[in-house]
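A quick write-up on the structure given underneath.
No lab work stands behind these numbers, since they all come straight from the coordinates. For clarity, every value in this text was computed on a predicted model and none was experimentally measured. Don't worry about glycine lacking a Cβ; one is built from the backbone with ideal geometry, like all the others, and counts go over all protein chains shown.
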Amino acid sequence: MSKDSLQSSIPAFENVVCPICKSQKYLNPNMKILVSPCFHKMCESCINQRYSHGAAPCPVCGTILRKTYFVHQTFEDLHVEKEVQIRKKFGKYFNKRLEDFGGNLRQYNDYLEEVEDLSNINY
């Protein structure tokens, strides 16, 4: 079996390669993989080394990161992971109630119009 056919038979979730140490999850099943806010995967060992003294750039895209920013991947598909994170962030801002505006109906209606305008954006 060639290397290419072996790589294609490995599920994508298990075929993760740390961009720092180049270790493969498939070859090291105990390796813990975490996801950055920029949605790049790295092994926990490299994260501990690279970010132990504070902020440093992501080795893939250069975004400044800290050790505490990394999370365990919840979903197999990173697109789903990203979608959930976006929905959580939007939920904080776009699920307000009248009480959040101190009962001010005018401010609340302005807010509702803004939310409606944003939800009607076509992609």
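Listed from fewest to most Cβ neighbours within 10 Å, the set K92, K32, K67 follows the order K92, K32, K67. Stretching the chain fully between N109 and F75 yields a gain of 8.6 nm (0.36 nm per residue, less the alpha carbon separation). If only the Cβ of Lys and Arg carry +1 and only the Cβ of Asp and Glu carry -1, the dipole of the chain around its Cα centre is close to 680 debye. With contacts taken as Cα pairs under 8 Å at a separation of at least 6 residues, the chain carries a relative contact order of 15 percent. The lysine pair count for the chain, using Cα distances under 28 Å and pairs eight or more places apart or on different chains, is 28.
For Kirkwood radius over Cα pairs in Å, pick the label among (i) 21.0; (ii) 17.6; (iii) 14.5 that corresponds to the value derived from the coordinates. So the structure-derived entry is (ii).
Would you mind ranking F90, F70 so that the residue whose beta carbon has the fewest other beta carbons within 10 Å leads the list? All intermediate terms of the calculation are to be shown ahead of the outcome.
Values: F90 13, F70 20.
Neighbour counts put them in this order, fewest first: F90, F70.
Rounded to the nearest 500, the helix-only mean residue ellipticity at 222 nm of the chain stands at -11000 deg cm²/dmol, with each DSSP H run of n ≥ 4 adding -39,500 (n - 2.57).
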